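Structure first, commentary second.
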Amino acid sequence: MTPNEESWRAARERMVREQIEARGVRDPRVLAALRAVPRHVFVPPEKRAWAYADGPLPIGHGQTISQPYIVARMTELLGLQGDEKVLEVGTGSGYQAAILGHLAREVHTLERVPELAAQAAERLARLGLDHVQVHVADGSLGWPPAAPYDAILVAAAAPEVPRALLAQLAPGGRLVLPVGDRYQQVLERWTRTGPDRYHREVFEPVAFVPLIGDQGWPAA
Ligand code: SAH
């Protein structure tokens, strides 16, 4: 039996209340975006029943769609008002990019696995999110053609903050990413406070798949 739109909506509402509001995410625009984006569209068909469950899910190629709460929390830390140009590193399923698309003027998202990038681009287009563009690239180097960015979100674990991403932040821009070893990291937020000055804050522990690339971990 395929659940209908109404039951998906009910599952989504429960997800927002029990997993996200309950853990302290308050930004009303972030909560509205999580209520609006159909997460079940972004998970493999055989995993749809778990689309609104409280955890990450496999999406193929050894990758995962992040836990809903982590998506909400990282998005909240970016402090988006609506007029920003945003970069995401690690498109994966495209779900986080769709959330960012609801909250910003222009979104560029980078994925190193071409098949994931193609699938995500198709889903985003089907939802009418034409201002969200998917590029196949090593995101540890950022995306210079559209830089600078008001906000950058990295959805894969970096051994340290990639210098290329700091350099692509606009004045006052925020970079949110997991930093640590391959299995355990903490969320960090870097705010550009001057041409060569950044303010770093540390938030909760997280576990992401590795950022693989020039300013990430080596492949294999
Ligand atoms: N934001 C995603 C989840 C990302 S999982 C979602 O909402 O579904 C992390 C993704 O980062 C994986 O798809 C992985 O292939 C990708 N990735 C890892 N290293 C990368 C790099 N250097 N550049 C771009 N993408 C990378």
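The values are calculated or read from the model by the stated rules, or taken from the named source; none is laboratory data. Given the structure is predicted, the values throughout are model-derived calculations rather than measurements. Methodologically, a virtual Cβ is constructed for each residue, glycine included, from the backbone with ideal geometry; neighbour enumeration extends over all protein chains shown.
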Looking at (1) under 28 Å from residue 217 (Cα atoms); (2) away from the ligand (no atom under 14 Å from the Cβ); (3) in contact with a His (Cβ under 9 Å, 6 or more places away or on another chain), find the lone condition where residue 76 falls short. (3)
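Can you tell me which residue is nearest to residue 74 (Cα to Cα) among those in the stretch 193-217 that are in a loop (DSSP other than H, G, I, E, B) and either within 11 Å of the ligand (Cβ to nearest atom) or basic (Lys, Arg) (or both)?
The first filter runs over the stretch 193-217 and keeps only residues in a loop (DSSP other than H, G, I, E, B), leaving 195-196, 207-209, 211, 213-216.
Those left that are additionally either within 11 Å of the ligand (Cβ to nearest atom) or basic (Lys, Arg) (or both): 208-209, 211, 213-216.
Numbers: 208: 13, 209: 15, 211: 16, 213: 22, 214: 23, 215: 21, 216: 19 Å.
Here the answer is 208.
Conditions tested, residue by residue: (1) in contact with a helix residue (DSSP H, G or I) (Cβ under 7 Å, 6 or more places away or on another chain); (2) at pLDDT 95 or above; (3) of a type outside the set (S, T, N, Q); (4) within 11 Å of the ligand (Cβ to nearest atom).
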{"position": "16", "(1), (2), (3), (4)": "yes, yes, yes, no"}
{"position": "37", "(1), (2), (3), (4)": "yes, yes, yes, yes"}
{"position": "41", "(1), (2), (3), (4)": "yes, yes, yes, no"}
{"position": "51", "(1), (2), (3), (4)": "yes, yes, yes, no"}
{"position": "91", "(1), (2), (3), (4)": "yes, yes, no, yes"}
{"position": "103", "(1), (2), (3), (4)": "yes, yes, yes, no"}
{"position": "111", "(1), (2), (3), (4)": "yes, yes, yes, yes"}
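From the set of residues in the stretch 130-149 that are aliphatic (A, V, I, L, M), within 13 Å of the ligand (Cβ to nearest atom) and closer than 20 Å to residue 83 by Cα, which is surrounded by the most Cβ atoms within 10 Å (Cβ to Cβ)?
Initial filter on the stretch 130-149 (aliphatic (A, V, I, L, M)): 132, 134, 136-137, 141, 146-147.
With the extra rule that they be within 13 Å of the ligand (Cβ to nearest atom), the set shrinks to 132, 134, 136-137, 141.
Keeping just the survivors that are closer than 20 Å to residue 83 by Cα gives 132, 134.
Values: 132: 26, 134: 24.
The residue in question is 132.
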Can you run down the residue pairs with Cβ atoms below 8 Å, 6 or more apart or on separate chains, where the first is in the stretch 74-99 and closer than 20 Å to residue 20 by Cα and the partner is in a strand (DSSP E or B) and among the small types (Gly, Ala, Ser)? 78/151; 79/151; 80/151
Would you check if residue 213 is surrounded by 15 or more Cβ atoms within 10 Å (Cβ to Cβ), small (Gly, Ala, Ser), in contact with an Asp or Glu (Cβ under 6 Å, 6 or more places away or on another chain) and touching a residue at least 40 places away in the same chain (Cβ under 8 Å)? yes
Which strands (runs of 3 or more DSSP E) sit wholly inside the stretch 54-121 and have at least 3 residues that are over 19 Å from residue 174 (Cβ atoms)? 57-60, 63-65
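Output the number of residues of the stretch 122-143 satisfying the condition of being acidic (Asp, Glu) and not in a loop (DSSP other than H, G, I, E, B). Spell out how you get there, then give the answer.
To start, the set of residues in the stretch 122-143 that are acidic (Asp, Glu) comprises 122, 130, 138.
With the extra rule that they be not in a loop (DSSP other than H, G, I, E, B), the set shrinks to 122.
Adding up the residues that qualify gives 1.
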